[in-house]
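Colleague: Before anything else, here's the structure in question.
FYI, it's all coordinate maths here, none of it is from the lab. As the structure is a prediction and not an experimental result, all values here were calculated from the model. Methodologically, a virtual Cβ is constructed for each residue, glycine included, from the backbone with ideal geometry; neighbour enumeration extends over all protein chains shown.
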Amino acid sequence: MLPRPVTAHPRAGNHVLTEATTIGSDPTCVGVARQLRDMLSRSTGLPLPDADPSDAVITLAVDPALPTEGYRLRVRPDRITITGGSPAGAFYGVQSLLQLLPPAVYRHAPVASGPWTVPGVEIEDRPRFDWRGCMLDVARHFMPVSGVLRLIDLLAAHKLNVLHLHLTDDQGWRVQIRRYPRLTEVGAWRHESMVGSRQHERFNGRPHGGYYSQDDIREIVAYAAQRFVTVVPEIDLPGHTQAAIAAYPWLGNAPDEPVAVWTRWGVSHRVLNVSDRTIEFFRHVLDEVMELFPSRYIGIGGDECHKGEWRASPIAAQRIRDLGLRDEDELQGWFVRQFQQHLTANGRVLFGWDEILEGHLFQGAAVAAWRGPALAVAAARAGHDVVACWDTSAYLDYRQSDSAEEPIPVGTVLTVADVRAFEPVPAALPAELGHRILGAQCNLWTEHADSPRAVDYLAFPRLSAFAEVAWSPAMAAPWGDFDGRLHEHLKRLDVLGVEYRPPGGPLPWQRRPDAPGWPRERADRDAELAALTHNVLHAPSGTGDPPA
């Protein structure tokens, strides 16, 4: 099974699903039971009628004595029982039951006549972390709603429970905002895109675009909630905002200069100005975002903000003087705090990349620590919760081997084994701050993934390895025969239609000889990260009380 359960003890005998199999549940698990029935009936062709839980062959129930997302699965020759600490726990028990059946159970229509045999077993299981996430960048390359729903299904099947949607960037704005229609009329498409890594200066001459209507977002959020996945939105600011500035030039620092949605990869030097009008604009944006996303956490990015325009801006200089700030770095911190206060006033928690630590943020934010364990420790010490996602362990756009056949090889080598070796709790974290680690997430940046097929190749099977990191108890290699279990899991991915990277390397149609990459060596990346994090680790703490 994958991810590996806490305990799994074989029991005598097997259970065979037949025409006589029925499904029953207590009232709290009706939705989970419906999903189980739908999936089993479409692949097996069995009727699986509803029955009273006392008489049903497969029963689902909730026992509050169990951990909230934990479950107990018992398979006996005459009966299967799934008991969760909540409906979410029962749902994860269902995912384990499906893995005990032949891979054809994941088909959308019957292709096999059975027998549908489940081995006798008793499983006691619960997740290691509360936040088990995947970030999907839909700004660089838009993914249609159908692709997002499919990814949600795959996350849920791996017992992941957070989809972090990176909705805006220099290269595109992907969510409808009623009050500001030009954000999608203008900001949702660009004239062309780069082909391969930006260092090669190649462009394809083909427009690219797309956005989610507010009803699209409601559908995504509701679909995810049925599968116990929380969708966390991200509206990046004050950097990564050229698409917004193209739509409303007065948001920028040079409103008389024509600006288009950026066609290059990397980070634009265009950033938001720091006027009261711009702050009000994005408060209104976040108000509509909060209407659409019930998530406790709302992402504002806060990363990779170039300060050149602010250094040349009289408005920024005046703001620094009026506030008694030292420099543009403190100005960014002040800017981010305006939105932390706004989100807090609306009962939400600001979620941002670890650059937000550079601005003396109020305590109580959630920080995505992407630049390494040292930033996770710094965030925890400053009174913030942490999502571990350092790039050298969790960036699934990085190349998967040294082979020249890898499609658009960028970043350092990050193999399946490297991802499985990811430890989200830093060794240097004081024990009393352990509660600050909310969990972990893997990140799928899509500069070099222009279709769901390309996303599949980057994500899998590394995402499967990450799921075990986020769910299963920590343990030393060989991680409970992980390689053997992954080999069996690939059969499920085959049935699910996932175009993963084969263990032997990319298939011919997965290669991209037309799109050169830009590989990095790990030693070079480690040195770069050390330089990037120096300012955070050596800055005054500057943390204050949470905003009222």
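Colleague: Go ahead and estimate [θ] at 222 nm for the chain from helices alone: -39,500 (n - 2.57) per DSSP H run with n ≥ 4, summed, over the residue count, rounded to 500. Please list the in-between numbers first.
Modeller: Working: 17 runs with 181 residues, N = 548.
That comes out to -10000 deg cm²/dmol.
Colleague: Further, regarding this structure: Restricting the count to DSSP beta bridges whose residues both fall in segment 74-198, what percent are antiparallel, rounded to a multiple of 5?
Modeller: Antiparallel: roughly 55 percent of the beta bridges in segment 74-198.
Colleague: Give me the Kirkwood hydrodynamic radius of the chain, using the inverse of the mean 1/r over all pairs of distinct Cα atoms, in Å to one decimal.
Modeller: The answer is 24.5 Å.
Colleague: With point charges of +1 on the Cβ of Lys and Arg and -1 on the Cβ of Asp and Glu, referenced to the Cα centre of the chain, which listed residue (V145, A109, I320) lies farthest in the positive direction of the dipole?
Modeller: Of V145, A109, I320, it is A109.
Colleague: Sticking with this structure for a sec: Arranged by the count of other C-beta atoms within 10 angstrom, fewest first, what order do T22, T241 take? Walk me through the intermediate numbers first.
Modeller: Values: T22 17, T241 27.
Final ranking by Cβ density, sparse to dense: T22, T241.
Colleague: Which value, in debye to the nearest 20, describes the size of the charge dipole of segment 456-540 about its Cα centre when Lys and Arg Cβ atoms bear +1, Asp and Glu Cβ atoms bear -1, and nothing else is charged?
Modeller: 100 debye
Colleague: Nearest 10 degrees, 0 to 90: what angle lies between the long axis of helix 462-471 and the longest principal axis of the chain (Cα atoms)?
Modeller: 80 degrees
Colleague: Counting only C-alpha contacts under 8 Å and six or more residues apart, can you give the relative contact order of segment 7-125 as a whole percent?
Modeller: Averaging sequence separation for qualifying contacts and normalising by length gives 36 percent for segment 7-125.
Colleague: Another question, then. Mind putting a number on the dipole of segment 131-538 about its Cα centre? Charges go on the C-beta only, +1 for Lys and Arg and -1 for Asp and Glu, and I need it in Debye to the nearest 20.
Modeller: I would put it at about 500 debye.
Colleague: List the residues, sorted by chain then number, that are 5 or more residues from T230 or on another chain and whose placed amide H is less than 5 Å from its amide H.
Modeller: V162, L163
Colleague: Can you work out ³J(HN,Hα) from phi for every residue in segment 290-299, in order, using Karplus 6.51 cos²θ - 1.76 cosθ + 1.60 and θ = phi - 60°, giving whole Hz and x for Gly and Pro?
Modeller: 5, 5, 8, 10, x, 3, 5, 9, 10, x
Colleague: Relative contact order of the chain, please, whole-number percent, based on alpha carbon pairs below 8 angstrom and at least 6 residues apart.
Modeller: 14 percent
Colleague: For segment 269-384, what are Rg and Dmax over the alpha carbons, in angstrom?
Modeller: Looking at segment 269-384, its Cα Rg and Dmax stand at 14.2, 39 Å.
Colleague: Now for a different question. Take the Cα gyration tensor of segment 7-55, multiply each eigenvalue by 5, square-root it, and list the three semi-axes largest first, rounded to whole angstrom.
Modeller: 19, 16, 12
Colleague: Consider all pairwise Cα distances in segment 122-204 and report the whole-number % of them above 16 Å.
Modeller: Tail of P(r) above 16 Å: 66 percent of Cα pairs.
Colleague: For segment 1-102, what is the charge dipole size about the Cα centre, in debye to the nearest 20, if Lys and Arg each add +1 at the Cβ and Asp and Glu each add -1 at the Cβ?
Modeller: It works out to roughly 380 debye.
Colleague: For segment 384-435 and segment 235-274, compute the distance between their C-alpha centroids and round to whole Å.
Modeller: Here the two parts' Cα centres lie 30 Å apart.
Colleague: Which of the peptides 201-210, 398-407, 411-420 is most tightly packed, and how do the rest follow, judged by the mean count of other Cβ atoms within 10 Å per residue?
Modeller: Put in order of decreasing packing, that is 411-420, 398-407, 201-210.
Colleague: Put +1 on the Cβ of each Lys and Arg and -1 on the Cβ of each Asp and Glu in the chain; which of V259, P47, Y71 then has its Cα farthest toward the positive end of the dipole?
Modeller: Value: P47.
Colleague: Between D55 and N14, what is the label-to-label distance in nm when each label sits 7 Å out along the Cα-to-Cβ direction?
Modeller: 2.9 nm
Colleague: Next up: Rounded to whole Å, give me the distance from the Cα center of segment 148-197 to that of segment 307-366.
Modeller: First find each Cα centre; the distance between them is then 25 Å.
Colleague: If you take every DSSP beta bridge fully contained in segment 7-125, what fraction is antiparallel? Give it as a percent rounded to 5.
Modeller: Expressed as a percentage, antiparallel bridges in segment 7-125 total about 65.
Colleague: What is the fewest-to-most order of L486, L237 by other Cβ atoms lying within 10 Å of their Cβ?
Modeller: Result, fewest neighbours first: L486, L237.
Colleague: Considering only DSSP beta bridges whose two residues both sit in the chain, what percent are antiparallel, to the nearest 5?
Modeller: 35 percent
Colleague: Going by amide H atoms built from the backbone, whose H comes under 5 Å of the H on Y297, apart from near neighbours?
Modeller: Close amide H contacts, sequence-distant or interchain: V349.
Colleague: Could you give the spread of the C-alpha atoms of segment 1-139 along their three principal axes, from largest to smallest, in whole angstroms?
Modeller: Result, largest extent first: 42, 40, 30 Å.
Colleague: If each residue's Cβ is checked for other Cβ atoms within 10 Å, how do K491, K307, K159 rank with the fewest at the top?
Modeller: Numbers: K491 13, K307 18, K159 24.
Going from least to most buried by this count: K491, K307, K159.
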